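Enquirer: Can you keep this structure in mind? I'll have questions shortly.
The values are calculated or read from the model by the stated rules, or taken from the named source; none is laboratory data. Fair warning: this is a prediction, and the values are worked out from it, not measured in the lab. As a convention, Cβ positions derive from the backbone with ideal geometry for all residues, glycine included, and neighbour counts pool all protein chains shown.
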Amino acid sequence: MSRLNKILIIIGVIVLIFAIVVIFWPQGKETRNKKQETVKMVPASVVVIPTQDKTPIYSTTGAKLTILPDDQYKLTILIYTLRQSCPIDNEYFSIIYDYKNDNFVVTTKAENMETFLQWKIDTGYNGIADKYWVIKND
């Protein structure tokens, strides 16, 4: 074999090794800290709050219907939407609505509490005041 053929074979092997390394190189995976690894994800869709029609409406009796302040309107829609979704039961927590006491009862284990709180943030239900939540740890 001539010297030129040996050099071409060596260059070919180097290019082949480089191509294999590029193909099988791990893709850009996110590095997570330990706290993020322990948080379990629950599929959640964000609550869409419709805009309130602020034009005065009069009923047939002549009574004027009340227009709520924006924060009270948002709270009312969030409570109504979550109440219609109850009972919610997944592997990390369950939520039922207690009509007698007008609150949501969350049953979860202590280690899944962070998952529940993240779910509240992801869905937008963190806008519901704490007085409407009763947490029961199993």
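Enquirer: When segment 107-124 is examined, which residues are found to be in contact with a helix residue (DSSP H, G or I) (Cβ under 6 Å, 6 or more places away or on another chain) and in contact (Cβ under 8 Å) with a residue 24 or more places away in the chain?
Expert: Listed by number, the list holds a single entry, 108.
Enquirer: Here is a further query. Tell me the residue from 67, 77, 95, 57 that is out of contact with any Leu (no Cβ under 6 Å at 6 or more places or on another chain) and either among the hydroxyl-bearing types (Ser, Thr, Tyr) or modelled with pLDDT under 90 (or both), please.
Expert: Selected residue: 67, the only one of 67, 77, 95, 57 that is out of contact with any Leu (no Cβ under 6 Å at 6 or more places or on another chain) and either among the hydroxyl-bearing types (Ser, Thr, Tyr) or modelled with pLDDT under 90 (or both).
Enquirer: For segment 81-138, give me each residue that is part of a loop (DSSP other than H, G, I, E, B) and either within 17 Å of the chain's Cα centre (by Cα) or under 23 Å from residue 48 (Cβ atoms) (or both).
Expert: Within segment 81-138, 86, 87, 90, 91, 92, 124, 128, 129 qualify.
Enquirer: So for segment 21-34 (the condition being surrounded by 10 or more Cβ atoms within 10 Å (Cβ to Cβ), at pLDDT below 65 and not in a helix (DSSP H, G or I)), does at least one residue qualify?
Expert: Yes: one or more hits.
Enquirer: Evaluate the following for residue 89: is it of a type outside the set (A, V, I, L, M) and more than 20 Å from residue 44 (Cα to Cα)?
Expert: Against the criterion (of a type outside the set (A, V, I, L, M) and more than 20 Å from residue 44 (Cα to Cα)), residue 89 does not qualify.
Enquirer: Report, by residue number, each residue of segment 108-126 that is surrounded by fewer than 16 Cβ atoms within 10 Å (Cβ to Cβ) and touching a Lys or Arg at 6+ places or on another chain (Cβ under 6 Å).
Expert: 126
Enquirer: Within segment 93-117, work out how many residues are among the β-branched types (Val, Ile, Thr) and under 16 Å from residue 79 (Cα atoms).
Expert: Of the residues in segment 93-117, 4 are among the β-branched types (Val, Ile, Thr) and under 16 Å from residue 79 (Cα atoms).
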